[in-house]
1. What does the chain give for Rg and for Dmax, in Å, if only its C-alpha atoms count?
2. Working from Cα positions, state the angle (0 to 90°, nearest 10) between the long axis of helix 13-25 and the longest principal axis of the chain.
3. Would you mind checking which residues have amide H under 5 Å from residue 52's amide H? H placed 1.01 Å from N; only 5 or more apart, or other chain.
4. With the Cα gyration tensor of region 315-385 giving a ≥ b ≥ c as the square roots of its eigenvalues, does the rule (a/c under 1.5 for rounded; else a/b larger than b/c for prolate; else oblate) give rounded, prolate or oblate?
5. Can you tell me the orientation of helix 405-419 relative to the chain, as the angle in degrees between its alpha-carbon axis and the longest Cα principal axis, to the nearest 10?
6. Please give the helix 322-337 orientation as an angle from the longest Cα principal axis of the chain, in degrees from 0 to 90, rounded to the nearest 10.
7. For a bin width of 10 Å, list the pair-distance distribution of region 219-303 built from all Cα-Cα distances, rounded to whole %.
8. Quick one: what does P(r) look like for region 1-54 with 10 Å bins over all Cα pairs, in whole %?
Amino acid sequence: MQKHNILVVDDEKNILKVVSMTLKKNNYEVDTARSSEEAIEKFNHNLYDLMITDLKLPGKTGIDLLEYVKSRNPSIPVIMITAFGTIENAIEAMKKGAFNYLTKPINPDELLTVMKEAIEKYDLRRENIALKSELKHKYTFTNIIGKSTAMQEVFDTIRTVSKTQSNILIIGESGTGKELVAKAIHYDSNRAEKPFITIDCAAIPSEIMESELFGHEKGSFTGAHEKKIGLLELAQNGTVFLDEIGELDIGLQKKLLRFLQEREILRVGGSSRIKLNVRIIAATNKDLELEVKEKRFREDLFYRLNVITIKMPPLRERKDDILLLANHFIEQLNQIEGKLIKGFEDNVIDVFMKYDWPGNVRELENVAEMSYILCPNIMINLTYLPSRLQQIVQVEKKPFDQMNLIETEKRLIISALSKTSWNQSKAADVLGITRKQLRTKMQRHKLLQGD
């Protein structure tokens, strides 16, 4: 268990001795100083988790010392020790950032209790700061993998829009990394230290979505046994990411529009409006302009959300990034699993380049992880790829005039699927059959994604 380092400051030798002994018996590391000047010298050359200081010191006072320490490290807890007649000074110290104060003579149990509380809060604060720093680093756009021209354009847009307060709409197929871009925008903005909250519009049932978004008051409906703070309110001063916005119920679209216009919410069953400062980033894999024409999405909401558009390219349009991404996933897995796989054999890379990746980056990550887990060697070969990728090589090996009817059908299906980016409805049209017939044939040839 880590020992916490404590600095004790008092001009009386006996008090220093008693406090030091008490703390050392309770597994603390202790440094002592008999003046503010000596304490400042030690503070500047050591890392302390807490400081205990007398208010009355020769030269600079305990309050002077408190102000100096807080100017250098605002989060470190400081406990003030005071004689009974100087409690007013202790209260002044509390106003200037002291964690607490104790009166002389010091009660060891009381001191240890106050110290424990102070250190726990200090450790928690440091953990939160470290976590926020880690998140900011993890989701900065420099950690989004991509060297293709299409992705460089995305990076340029992120750099530009992250400094603004405008609403953003991210469009793209499933698995292209829309949430990753939303997080990159948030953590590159002046809201980075504030909440980032994701709301999956497709996953939350419409009957409870209003309560999830805006919150509700106690007793506002059956089962509302207590007040609930909505997700928009929880994100105050931060960012809300509305994923799959195209799935939002048409009735709720009107209420979301009002929030975007007024920047205030009304909890379900509430009577007073609450002002919010929240940035909205929305994402969809739907064609919202078509949804507007079909009256499934409000035109006014579309224009409110679509101030700035970021289009995420599908993986088939950024072939330059495929190997870069695949190797990145393998490196991550090496760190997590402790294995050492160096990469992919040339014929695997060739297959990766010919495959259209209908599931985009998410599918590539899934394939990389599956092949990594199954492969006992240092290089991943074709054996460990899913059958749908292996089919590409098997079909290419034979010319048409050496294939039987079943093999010919399979090759034609793969060709149609490849031409249509594995869109089954479009591939069925190319082949002149129904989508249901195509799926039956795909199942027979083990071409469905789960096979």
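Read-outs throughout are calculated quantities, based only on the coordinates presented, and are distinct from any laboratory measurement. Here the structure is a predicted model, which means the values were calculated and not measured. Here the Cβ positions follow ideal geometry from the backbone for every residue, glycine too, while neighbour counts run over all protein chains shown.
1. 31.0, 105
2. 30 degrees
3. Placed amide hydrogens put 7, 8, 9, 79 under 5 Å from residue 52.
4. prolate
5. Result, in degrees: 50.
6. Tilt relative to the chain: about 50 degrees.
7. All Cα pairs, binned at 10 Å, distribute as 16, 43, 31, 9, 0 percent.
8. Per 10 Å bin, starting at 0, the Cα pair percentages come out as 26, 58, 16, 0.
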